[in-house]
Amino acid sequence: LISFGWDWLAAHPSHVEAQRAFARLRRRGGERAHIIQVEPRFSLSAAKADSWLPIRPGTQGLLALAAAREIISKGRQDSAFLRERSLAFAEFAKALEPFSIPRVSKAAGIPERSIRLLCVKLTNTKPALAITGRGPLFDQLAVHALNAVLGGLGEKGLFSSWREETGQAGAQGTPRAPAKMLLVDRANPLFTAPAAWKPVFENTPLVVTVSPFLTETAEYSDWVLPCGTPLERPHCSLHRMMDGRSILNAAPRAVEPAADAKDPGEIFLLIAKTLGLQGFGAAGFDSLFKAEAAKLGGEELLKEDGGIRWREMPRAAGRGLSFATPSGRFDFSPLTKLMEEPELRLRVETDGKYPLSLNIFTPLPFSRGEGSQ
């Protein structure tokens, strides 16, 4: 297992699941997985790994491409996977020419021998998998292209695709057109992306925030609609585990609201009914919530009299099936296009005035700070 820039033991969404996975990888009495951490910082995952490659920030993707190039040049790629399950591999292999081990070694600041040894381990140990976190798109595509070269996607390794049982909405970007009113639901864009969102807020006549806390966004808003804190409202959500299973997380409210605060769902339901919008019926929020939770199998979880507290949903559909691409295959084309862009070519230039790079990491005690209130 090689991790490119992801401190997965400290920054995984579920620390418990990450620790359990690590224990299985290091299990006694059986095969012991070999773990490699590629990261500028000596993180918790680097400390627990068999080896640590301290590369320069921003060069994880380059190293993944150098490894892919070396494996292909030695004829150690998974030809069956590439032939039957991939698309545009020949163009990708041709575009790998500039990403040689000597050039990447110089750019990443690690010895050539370390890269060659890494390639030997990846090809001589089966199955071999490469993982990465939510970093730059180039790095993510490069790492999974390495998985494709090794045949480590689909039935043999990482999941190729799965069916999502529910959709999740969030503030992923700024509005494309000017709005007369902006309604923010428990998000804090003026903290997470102030440069992008402040002009939007300034040009919107009315800003309304639904929040249990007086966040930066709530302070700026014209109106604040107070909702209950997480313990004051029921919840029901689906989560994806490492092995593809879905975990349904549902529970009734732990305490009654201490003040005149409503559930966010109740607020939006009242707004919709007041506006006379169709499709919401006459039922109140509590009954609608319980009905939707029951559709997901969470009816027992919401009982307050000691009902079932844990239920595992079936394994995710689609493991080993076609990829979620138009061709149904792993497509190298998007990465190949990025590799051809000048700013993503193999070069790491050092500015004399600014020789350092900022390397952001997630501290284990604080996670990402979502619960700072």
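The values are calculated or read from the model by the stated rules, or taken from the named source; none is laboratory data. Computed from a prediction, not measured in an experiment: that's the story for all the values here. Every residue, glycine as well, gets a Cβ built from its backbone with ideal geometry; the counts of neighbours run over all protein chains shown. Keep in mind that these areas ignore ligands, DNA and RNA; they rest on the heavy atoms of the full protein, side chains included. Shrake-Rupley method; radii C 1.70, N 1.55, O 1.52, S 1.80 Å.
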Worksheet entry | Enumeration of residues in segment 50-67 that are in a loop (DSSP other than H, G, I, E, B) and either of a type outside the set (Ser, Thr, Tyr) or in contact with a strand residue (DSSP E or B) (Cβ under 6 Å, 6 or more places away or on another chain) (or both) | Asp50, Pro54, Ile55, Arg56, Pro57, Gly58
Discussion item. So for segment 68-80 (the condition being in contact with a strand residue (DSSP E or B) (Cβ under 9 Å, 6 or more places away or on another chain) and of a type in the set (Gly, Ala, Ser)), does at least one residue qualify?
Written reply: no
Fill in: Criterion (under 26 Å from the mean Cα position of the chain (by Cα), over 26 Å from Ala294 (Cβ atoms) and surrounded by 13 or more Cβ atoms within 10 Å (Cβ to Cβ)) met by exactly one of Ser221, Ser211, Ser246
Ser211
Response to the item:
Screening Ala33, Ala49, Ala67 for residues that are under 28 Å from Gly109 (Cβ atoms) and in contact with a Cys (Cβ under 6 Å, 6 or more places away or on another chain) leaves only Ala67
Worksheet item: Any idea which of (1) under 22 Å from Ala250 (Cβ atoms); (2) modelled with pLDDT of 80 or more is the one Gln278 doesn't satisfy?
Response: (1)
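Table: residues versus (1) open to solvent by less than 20 Å² (accessible area, probe 1.4 Å); (2) modelled with pLDDT under 95; (3) part of a loop (DSSP other than H, G, I, E, B); (4) of a type in the set (D, E, K, R).
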{"site": "Ile72", "(1), (2), (3), (4)": "no, no, no, no"}
{"site": "Gln77", "(1), (2), (3), (4)": "no, no, yes, no"}
{"site": "Phe81", "(1), (2), (3), (4)": "yes, yes, no, no"}
{"site": "Glu84", "(1), (2), (3), (4)": "no, yes, no, yes"}
{"site": "Glu91", "(1), (2), (3), (4)": "no, no, no, yes"}
{"site": "Glu97", "(1), (2), (3), (4)": "no, yes, yes, yes"}
{"site": "Arg103", "(1), (2), (3), (4)": "no, yes, no, yes"}
{"site": "Lys106", "(1), (2), (3), (4)": "no, yes, no, yes"}
Discussion item. Test of understanding: among Gly279, Gly284, which residue is small (Gly, Ala, Ser), out of contact with any helix residue (DSSP H, G or I) (no Cβ under 6 Å at 6 or more places or on another chain) and more than 24 Å from Leu301 (Cα to Cα)?
Written reply: Gly279
Fill in: Filtered residues of segment 295-322 (kept if at pLDDT 60 or above and farther than 19 Å from Ser246 by Cα)
Lys303, Glu304, Asp305, Ser322
Fill in: Residue ID - farthest from Leu9 (Cα to Cα), chosen from residues in segment 21-49 that are assigned to a loop (DSSP other than H, G, I, E, B) and open to solvent by 60 Å² or more (accessible area, probe 1.4 Å)
Gly29
Fill in: Any chance Leu346 is modelled with pLDDT under 65 and within 27 Å of Pro102 (Cβ to Cβ)
yes
Practice prompt. Scan segment 291-304 residue by residue and report those that are touching a residue at least 12 places away in the same chain (Cβ under 8 Å), open to solvent by 80 Å² or more (accessible area, probe 1.4 Å) and within 29 Å of the chain's Cα centre (by Cα).
Written response: Glu292
Item to complete: Mind listing whichever residues of segment 1-20 are under 21 Å from His239 (Cα atoms), in a loop (DSSP other than H, G, I, E, B) and either of a type in the set (Phe, Trp, Tyr) or touching a helix residue (DSSP H, G or I) at 6+ places or on another chain (Cβ under 7 Å) (or both)?
Response: Trp6, Asp7, His12
Discussion item. Please go through segment 122-139 and give me each residue that is in contact (Cβ under 8 Å) with a residue 12 or more places away in the chain and either closer than 13 Å to Asp78 by Cβ or crowded, with 19+ Cβ neighbours inside 10 Å (or both), ordered by number.
Written reply: Leu122, Thr123, Pro127, Ala128, Leu129, Ala130, Thr132, Phe138, Asp139
Fill in: Test: Gly281 is more than 18 Å from Arg186 (Cβ to Cβ) and either in contact with a strand residue (DSSP E or B) (Cβ under 7 Å, 6 or more places away or on another chain) or part of a helix (DSSP H, G or I) (or both)
no
